[in-house]
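Below is one structure, written out as structure tokens; the observations come after it.
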Amino acid sequence: MKYYFTTIIKGNFDIIIDKVTNELKKEGFGVLTTINIQQTLKNKLDVTFKKYTILGACNPSFAYKALQAEDKIGTMLPCNIIVQEIAVNTIEVSAINPLVSMQAVNNNQLEDIAKEVSNKLENVIKNMHNEK
């Protein structure tokens, strides 16, 4: 089982980020953080890097359930989704598979939560092709 879900779609990078954000909202997630890796690497290291953004997404109800089951699970929150330009107008969108990452934690209560969150994030990736 892969530790991420991924898809490649054609389109404008910034528009794809908006589409990802909209699909996340449909699944109950909000974007807490947006990290522009391209800009950060340019500012900190003066290197040129491709368009690459990390979105830190959180579904509050699932985060709350997970934190009740395991108080250190915050080290694995929020769920990261990456949007990267692999060629001009060719964008790869990838999301963490929480079911895989939760295997590192010995807590049976987290398994059902991780399954539900994994299903929602997989839906986000699948629905990127359907979003207008």
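The values are calculated or read from the model by the stated rules, or taken from the named source; none is laboratory data. Just so it is clear, the model here is predicted, and its values are computed rather than measured. Note that we place each Cβ from the backbone using ideal geometry, even for glycine, and neighbour counts take in every protein chain shown.
Counting just the residues of the range 103-117 that are at pLDDT below 95 and crowded, with 21+ Cβ neighbours inside 10 Å, which one comes out nearest to Val20 (Cα to Cα)? Applying the filter and picking the extreme gives Ala114. Could you check the range 61-83 and list, in sequence order, the residues that are out of contact with any helix residue (DSSP H, G or I) (no Cβ under 7 Å at 6 or more places or on another chain) and either surrounded by fewer than 13 Cβ atoms within 10 Å (Cβ to Cβ) or of a type in the set (Lys, Arg) (or both)? Matches in the range 61-83: Ser61, Tyr64, Gln68, Asp71, Lys72, Thr75.
Give the range 93-131 a look and list any residue that's in contact with an Asp or Glu (Cβ under 8 Å, 6 or more places away or on another chain) and charged (D, E, K, R), or say none. Result: Lys120, Glu131.
Checking each residue in the range 105-132 for being part of a helix (DSSP H, G or I) and more than 22 Å from Leu55 (Cβ to Cβ) picks out Gln109, Leu110, Glu111, Asp112. Of all the numbered requirements in (1) among the polar types (S, T, N, Q); (2) under 23 Å from Met128 (Cβ atoms); (3) at pLDDT 95 or above, Ser61 misses one, and that requirement is (2). Phe29: buried (at least 16 other Cβ atoms within 10 Å of the Cβ) and within 11 Å of the chain's Cα centre (by Cα), yes or no? Here the answer is yes, as Phe29 does meet what is asked. Answer with yes or no whether Val83 is over 28 Å from Glu111 (Cβ atoms), among the aliphatic types (A, V, I, L, M) and either assigned to a loop (DSSP other than H, G, I, E, B) or touching a residue at least 60 places away in the same chain (Cβ under 8 Å) (or both). Yes, satisfied.
If you check Ile86, Ile37, Ile125 for being more than 15 Å from the chain's Cα centre (by Cα) and at pLDDT 95 or above, only one passes: Ile86. Remark: pairs (first residue in the range 15-44, in contact (Cβ under 8 Å) with a residue 24 or more places away in the chain and more than 22 Å from Glu116 (Cβ to Cβ); second residue charged (D, E, K, R) and surrounded by 14 or more Cβ atoms within 10 Å (Cβ to Cβ); Cβ separation under 6 Å; 6+ apart in sequence or on different chains) = Lys19/Glu131.
Screening Phe49 against (1) out of contact with any strand residue (DSSP E or B) (no Cβ under 6 Å at 6 or more places or on another chain); (2) under 19 Å from Leu121 (Cα atoms); (3) not small (Gly, Ala, Ser) leaves a single unmet condition, (2). Considering the range 84-102, and only residues there that are surrounded by 14 or more Cβ atoms within 10 Å (Cβ to Cβ) and among the aliphatic types (A, V, I, L, M), the residue that is nearest to Lys115 (Cα to Cα) turns out to be Leu99.
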